[in-house]
Amino acid sequence: IRLLSGAEPDFEGASQPAGHLHAFLSHSWRGCWWQKAIAVALYSYFPRALAATGVGWLAMASCVCGLALEQSCPADMAEPGQRVCRVPWLSYGAEGSLLAALVLQVLFCQRSSTLFFLDKGCINQEDGDAIARGVSSLGGFLRHSQALVVLWSDDYFQRLWCVFELACFKHFGGHRKSKDFVMIPVMLATLVVSGNIFLSGVWVCFDATEYIGFQALLVASVGRRAARVLLALVVSASTFSLAYYAVYHLTLLREKLVEEVASFKTDRASITLEEDRERIEFCICKWYGSLEKFDRYVQENVLEHIQQQLGSSALVPYWAALAFSMPSTFRALDFAAALNLRGVVLCLGYVLIVNPVVFLLVQFSIQQKMLPWYVSSLGSWLMLGILWGVWATIAIEMRIVPFLASFAALWLAVLLLYRPSIQELKFLGIRLCREGDADGDDDDDDRSLDLSDGPEGEPAEDSQLRQAAVRKTAAERRLCPSTC
C-alpha cells in the first residue's frame, strides 16, 4: 500500500524470496493511488478486521449485559405502549473497531500474510539489468501466482502491460494451474469503505434527532408515519449522494470496459517504454501465433471471462451492498443484546432488503434515457426516503409473525433479483472455495521464471539463448506477426 501511494521503493525492505505467490497485483500506475490502496486493504485485511470486530463486540456485549446497564427504549417513532429497546453505543464501538482494525493493519502490518507481486517492490528499481530481467520474467511470476488480482481503474484496459498480464494468466494459469481471478473495481472498494463511514453518520444523526427532541416535534406536527419518511429523507441525503456518485462512475466504467476490450488492438494499446512493447509482442507471437490471434483472444475469451467475474448486471454486487451496510448490521446487534427480535429484523431489513433495492433504483435512474438526470436522481432519492420510512412502519406496526413472514418473502425476492454469487466475495478477501492451493511448494516452483518460456516450459539455457537473440535483433527490426 505504501508503494501504491508513490513512496520510493525499498527493494530489501519490501520484498522477500518466495517459492510461490498468493497474488499477482495487476494495475495501472496512472490510476488513483488511494482508491487502489483501499482496494488492497480490503482484500488483504477485511476478514481479519471483521473477525476482530466480532470478538470485540461479544466482549462489549458481555460486559454490558453483566453490568445490567440501562437499555434505551425510544418512544417517539414507536407505537403507544410499544417497547423497541436496544443497548446503545455498542454499534458505534463495533463500527469504530472495524475501521480501526483496517487502519492499524495498514499502518503496522507491513509484512502481510498475503504475498503479492508488485513490480515496483519486487524488482530492484536501482539496477538497470535487474529491471530488464524482472520485466522479461513477469510471465514466470504469473505462473507462480495463486491468483491474479486486478485493480480495475478507468484506464486499465488501455495499458498493454495490464491486458497482457490478464490474458496470459487466463490462458496459461498460475501456481498449480490455478486460474483464480479477482477483479476489484477500485470505485467499488471506495464505496464500501466510504459507505461505512457515511452510514455511521446517518445513524449518529438519527440518534441525535431523538436526543435533542426533533423526532418528538416532528411526530407532533405531521404524525408518526410521515415523520418516519421525512426523517429518512433528511438523514439519508449524504448516503444517497455517495451511492449515486459511485454507481454513476461504475456505470461509465462498465460501458467503457466492454467498448475497450471488444475493440482491443495490441498496436493501439499504450505503454510507457517502447522497448517493453518489443518484448511483449515477441512473447505474444510465440504463445498465440500472431498479434491478430492475441487480439481476437482478448476480444472474445478475455471479455467473456471478465463478464463472468463481474457477475450479474447489478453494478453494485449484493455482497458489496451488504458490506456497505455494516453499520446497520452492528445496530441490529444492539437490539440483539437487548433481546429485541423486532429491532433486530428491522435493522437487518435495511441491510438485506432496502439498501440493495436502493442501489438497483439508483442504477436504473442513471441508465434510463427518458428523463433528465436531475429528475431521475431526485425521484430515486425520494424513493429511498419512502422505502426507509415504509420499512420502519411495517416493522413497528405489523404483528410479529406477519412481519417475519414479510421479511422472508421480501428477502427472497431481492435474492432472486440479484442472484448473488460466492465468487463476488473475493474482492473482500473472502475465498470460500479456492481454485488452487498455495500450501507448500511443488516441482513447478523450480521452473525458470522467464517470460519467454512457453506453456510447455523450456530449459533455462534455451530460454536465455532465445532472449539473447531477441536483444540482438530488436534494435534492427521491429518484432511483428510477419517475423515471429
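The values are calculated or read from the model by the stated rules, or taken from the named source; none is laboratory data. Keep in mind that what you see is a predicted model, and the values were worked out from it rather than measured. Neighbour counts are summed over all protein chains in view; Cβ atoms, including those assigned to glycine, are modelled from backbone coordinates with ideal geometry. Accessible surface areas use protein heavy atoms only, side chains included; no ligands, DNA or RNA. Shrake-Rupley method; radii C 1.70, N 1.55, O 1.52, S 1.80 Å.
Cβ-Cβ distance of LYS265 and TRP373, R₀ of 25 Å, FRET efficiency by 1/(1 + (r/R0)^6): the value works out to about 0.15. For the range 328-437, the per residue solvent-accessible surface stands at 49 Å², with DNA, RNA and ligands left out and a 1.4 Å probe. For ASP119, the solvent-accessible surface with a 1.4 Å probe is about 60 Å², rounded to the nearest 10.
Can you put PHE206, PHE181 in order of accessible area, largest first, using a 1.4 Å probe?
Numbers: PHE206 55, PHE181 5 Å².
The ranking, largest first, comes out as PHE206, PHE181.
Taking all protein chains together, ARG399, ARG342, ARG48, ARG133 sort by accessible area into ARG399, ARG133, ARG48, ARG342, largest first [probe 1.4 Å].
Where Lys and Arg each count +1 and Asp and Glu each count -1, what net charge lies around ALA262 among other residues with Cβ under 14 Å from its Cβ? Numbers along the way, then the final one.
Working: positive: ARG254, LYS256, LYS265, ARG268, ARG296; negative: GLU255, GLU259, GLU260, ASP295, GLU300, GLU304.
Result for the local shell: -1.
The residues of the range 250-298 expose on average 46 square angstrom of accessible surface per residue, using a 1.4 Å probe on protein heavy atoms. Around the amide H of SER145, modelled in the peptide plane, lie the amide H atoms of LEU21, HIS175, all under 5 Å away and 5 or more residues distant in sequence or on another chain.
Of the whole protein surface, LEU315 contributes about 20 Å² of accessible area at a 1.4 Å probe radius.
A 1.4 Å probe over all protein chains sorts HIS305, HIS249, HIS144 by accessible area into HIS249, HIS305, HIS144, starting with the largest.
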